[in-house]
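The values are calculated or read from the model by the stated rules, or taken from the named source; none is laboratory data. Given the structure is predicted, the values throughout are model-derived calculations rather than measurements. FYI the Cβ positions are ideal-geometry reconstructions off the backbone, even for glycines, and counts take in every protein chain you see. Accessible surface is based on the protein model in full, side chains and every heavy atom, while ligands, DNA and RNA are left aside. Shrake-Rupley method; radii C 1.70, N 1.55, O 1.52, S 1.80 Å.
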Amino acid sequence: MQNILVTGGAGFIGCNFVRHILQHDSAANVIVYDKLTYAGRLENLAGVSERFGPRYNFVRGDICDTASVERTIAEFNIDTIVNFAAETHVDRSILDPDAFVQTDVLGTYVLLEAARNMGNLRFHQISTDEVYGHIEGRRRSVENDALLPRSPYSASKASADLFVNAYHTTYDLPVTISRGANNIGPFQYPEKVVPLFITNALSAMSLPVFGDGQQMRDYQYVADHCAAIHLILKQGSIGESYNIGTGSEMTNLEMVEILLEELDKPRSLILHVEDRQGHDRRYSLDVSKMLALGWEPDFTPEEAIRATARWYRDNRSWWQPIRDGEFKDYYQTVYGARKTYNETR
Ligand code: NAD
Ligand code: DAU
């Protein structure tokens, strides 16, 4: 039996991963360890305990808290850590980077120390394509490219990757890293662009496209990302990093057109607003290493956007309370006084 500590398991990708593992791996027990920040919600794990019984446990805790992390590892006889826990939104990192350095850098270090001191545990770090920075021309990032992060969020994630690799080199800790492109799908907090635009459109609000909307992203379905992480846990080579994405990007305006069409909403909702500071215009992953491991995505980016639009259309009871809570103040701070794109040129 494998006892997997899933840190950040009450967040968007984490809760999808927990369901994936419990469903596809009958030899796995899952212990979610989560601080429950604004982005972590027990509602995201609704029904998991009822369905999987003692194979699933939840512990509320901070990955920066060494004593609590070590207590949990000992109590549940953990042999594997999959670290999803992080502050994850670029715009929040621009407003205030502090929590990003604390959780994404220091928290990862605390987990690595615990893994090393408590039996050389298997450690998988969930990283991001943003660590490679903005990618020019037609080039794609490969796993051994230099890390050139440009936002406080991506700088904190890149720092964590460097620590993870250092623990492998120095202490022989059995680590792997995955670097995922933009995930979309059920349970994503509506600050990220796709759920933000879908829920705005469903609320007859405008869609605030940053700048010219020509920035490029690879929008992958979260279930595909979770399946890839599972495969790395089973078959990945220790000490290696793996890019995960569909390998095809589209512009943000193309993404908007697809979701408006799926929701049958007008293009007049599009509003170009002042660009994000330091905005990376393009990420682009070479995913051939992951394909060689035997994985391939089930969803194209267009299918992922359409499926996500339908999920939010059908699950207003999940997102409306979020939008009516803390999110309102956040929205006002980021978008309230934002100029239109024309005014900034
Ligand atoms: P999310 O913001 O939805 O969830 C983050 C989770 O971490 C929440 O449950 C939160 O409560 C928890 N958390 C935060 N600080 C913590 C702490 N100090 N201790 C314990 N728990 C804490 O994030 P997500 O989108 O699900 O991203 C998960 C991981 O995947 C992150 O590491 C992120 O960098 C990475 N990633 C995300 C994407 C994406 O598109 N969303 C793409 C690639 C990689
Ligand atoms: O690439 C992986 C990363 O994807 C993850 O590591 C991050 O955790 C996740 O937040 C995401 O980062 P992005 O910055 O790419 O995602 P976001 O949804 O914030 O923005 C996607 C694109 O949409 C980006 O070009 C900025 C643009 N955008 C975003 C928002 C929130 C807008 O045009 N308007 C908006 O209101």
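Based on every Cα atom in segment 60-153, Rg and the maximum pairwise Cα distance Dmax equal 15.6, 50 Å. Sparse packing (at most 11 other Cβ atoms within 10 Å of the Cβ) combined with a DSSP loop state is found for the following GluC sites (Glu not before Pro) in segment 59-150: GLU136. The GNM of the chain, with springs linking C-alpha atoms under 10 angstrom apart, assigns the highest mean-square fluctuation among MET118, MET216, MET290 to MET118. With all protein chains in place and ligands, DNA and RNA left out, the 1.4 Å accessible area ranks LEU42, LEU263 as LEU42, LEU263, largest first. Could you check how many percent of all C-alpha pairs in segment 103-206 are farther apart than 23 Å? Of the Cα pairs, 42 percent sit more than 23 Å apart. Computed over the chain, relative contact order equals 17 percent, with contacts defined as Cα pairs under 8 Å that lie 6+ residues apart.
Secondary structure note: in the chain, about 10% of the DSSP beta bridges are antiparallel. For the chain, with a Gaussian network of springs between Cα atoms less than 10 Å apart, report the residue from GLY294, GLY53, GLY137 with the top mean-square fluctuation. Its mean-square fluctuation being the largest, the pick is GLY137. Straight-distance candidates among the lysines for linking to LYS328, with alpha-carbon spacing under 16 Å and chain neighbours fewer than 8 residues away dropped: LYS192. Counting only DSSP H runs of at least 4 residues, each contributing -39500 (n - 2.57), and dividing by the residue count of the chain, the helix-based mean residue ellipticity at 222 nm comes to -11500 deg cm²/dmol. Seen from every direction in turn and averaged, the convex hull around the alpha carbons of segment 42-107 projects onto 5.6 nm². Taking the chain as a Gaussian network of alpha-carbon nodes connected by springs under 10 Å, the highest mean-square fluctuation of the residues VAL131, VAL48, VAL193 belongs to VAL48. Of the peptides 269-277, 17-25, the order by per-residue mean of other Cβ atoms within 10 Å, starting with the highest, comes out as 17-25, 269-277.
Annotation: aspartates and glutamates with alpha-carbon distance below 12 angstrom to LYS339 (same-chain offsets under eight excluded): GLU274, ASP275.
When the charge dipole of segment 241-344 is built from unit charges on Cβ atoms (+1 for Lys and Arg, -1 for Asp and Glu) and taken about the Cα centre, the candidate among GLY294, GLY247, ALA307 whose Cα reaches farthest toward its positive end is ALA307.
Altogether, the Stokes-Einstein calculation at 4 °C and 1.567 mPa s, with the Kirkwood radius of the chain over Cα pairs as Rh, returns a diffusion coefficient of 63 µm²/s.
With both labels modelled 7 Å from their Cα along Cα-to-Cβ, the ARG281 to LEU42 distance reads 4.7 nm.
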